[in-house]
Amino acid sequence: MASRLLPYQKQYAEEIKQLIWEAVTYFEQKEVQWAIASLYMNASEIANYEKSYSESLGYINKVISIYETNHFPEFLASAFIRKGTLLYNWAQDDNPQFFQAAIDTYQKGLQTFTREDFPDVYAEIHHHLAVIYAEMPVDEKKKAMWSAFSATSFKECLDFYQKANYPFEYSIVANNYANALLKYPPAKTGDNAEKAIFYYLEALEVRNANQFPLERAHTILNYLEACWRVQNVNKSMERARYKDMLAKAKEVKLITDNQELIDEAQSHLDQISALGLAIKTD
C-alpha cells in the first residue's frame, strides 16, 4: 500500500484488495484477531481513497469492534482517529452532517491519547479538530464559540509542533491556522487577517521553493488573499506590503507549472497593477 497507492492508482488498489481478502480468510481460520483488524484497517483506507465512504465506515467499525472486544485501548484509540478522518472526508464531500460525528469520534481518541502520555498524537488530534471547528457550518450566532474552540485546538497543537523541533509539521499547522483565521468572525481585539499573514509567513519560512514548491505556491496565494483584507496603518507600510505581494505573486509563476495556480497568481498581479500600486523591483 505504501509504495503503490500514493498517489492513488486504481489498478493497484484492486490487486491490494484481493490480497487483503485472501489474508483475512487465512487469519479468520487461525482466529488471529489483531491481524484481522489490521487488514480491515487497510481495507477501510482503500475505500476512503475511492470515496466509498459507507464501505470504509463498515470496515473501520469492524476494526473498532475487534479492539473493543479484545481490550486493546491504544489500538482502539488509533481506530477512532482513522474513523474521525473518514467522517471528516465524508463531510467535506458535500455531506456536512458528518462534521459533528467526526468531532465526537476524535474526542473518543483523546480519552486515551492524552497530552501527558501521547503528546504527539494528542497534538495531531487537536489539529484535526481545529480545522473541523473552523470549517463546520454553524448558525451565525454560534460562529464565535466554534472559532474559539478552533483557536484553542490550534494552540494545543502548536504547543507541541514548535518550529525549531518539527519545522515541516509546524508549517502545515501554521498554514491551516492562517486559513482558519480568515474564516473566523471579526475579532473584538486585533485583526484576524493580520494574524493570518503572520502565520502564512511563518509557514513560508519552512516551505522553501527548492524542497516544497507546490506547498509554497499554495501558501503564497493564501497569503496574498489575506493581504487584500488587511488594513495597513500608513502609506509606508502599504507600499512595503504591496511590493512584497508583487514579488510573491511573480514567484508563484516561477516555481510551479500548475496552470490553475499560475492563473491565480496572474489575477493578483492584475489587481495590483489596476490599483497603481505595483512597484518596480528590478
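Here the Gaussian network model covers the chain, with springs between Cα atoms less than 10 Å apart; of Lys235, Lys183, Lys243, Lys235 fluctuates the most. Just checking the listed ones, Tyr170, Tyr88, Tyr26: in the Gaussian network model of the chain with Cα springs under 10 Å, the one fluctuating most is Tyr26. Computed FRET efficiency, Cβ-Cβ of Gln111 and Lys10, R0 35 Å: what is it to the nearest 0.05? The formula returns an efficiency of 0.40 here. Computed from the C-beta positions of Asp104 and Trp228 and an R0 of 30 Å, the FRET efficiency is 0.25 to the nearest 0.05.
Across the stretch 199-213, computed HN-Hα scalar couplings (Karplus, 6.51 cos²θ - 1.76 cosθ + 1.60, θ = phi - 60°) run 6, 4, 5, 4, 5, 5, 4, 8, 7, 7, 5, 6, 8, 10, x Hz from first to last residue, x flagging Gly and Pro. Maximal additional length on extending the Asn165-Asn258 stretch stands at 30.3 nm, based on 0.36 nm per residue less the C-alpha distance. A convex hull fitted around the alpha carbon atoms of the stretch 1-103 yields 97 Å³ per residue. Here r is the Cβ-Cβ distance between Trp21 and Met237 and R0 is 45 Å; the resulting FRET efficiency, rounded to 0.05, is 0.15.
Short-range pairs are left out: with C-alpha atoms under 8 Å and at least six residues apart, the relative contact order of the stretch 1-110 is 17 percent.
Solvent exposure of the chain, expressed per residue, is 55 Å² of accessible area, with all protein chains present and a 1.4 angstrom probe.
One decimal place: the segment Gln271-Lys155 gains 38.3 nm when fully extended, by the rule 0.36 nm per residue minus the C-alpha distance. Label-to-label distance, Leu201 versus Asn70, with points set 7 angstrom from Cα along the beta-carbon direction: 5.2 nm. The accessible surface of the chain, taken with every protein chain in place and a 1.4 Å probe, is 51 percent carbon and sulfur. Note on surface exposure: Trp21, Trp228, Trp34 rank Trp34, Trp21, Trp228 by accessible area, highest first, 1.4 Å probe. Descending by average beta-carbon neighbour count within 10 Å, the peptides 48-56, 252-260 line up as 48-56, 252-260, the highest first.
The values are calculated or read from the model by the stated rules, or taken from the named source; none is laboratory data. Fair warning: this is a prediction, and the values are worked out from it, not measured in the lab. Quick reminder, even Gly has a Cβ in these numbers, built from the backbone with ideal geometry, and neighbours come from all protein chains shown. Accessible surface areas use protein heavy atoms only, side chains included; no ligands, DNA or RNA. Shrake-Rupley method; radii C 1.70, N 1.55, O 1.52, S 1.80 Å.
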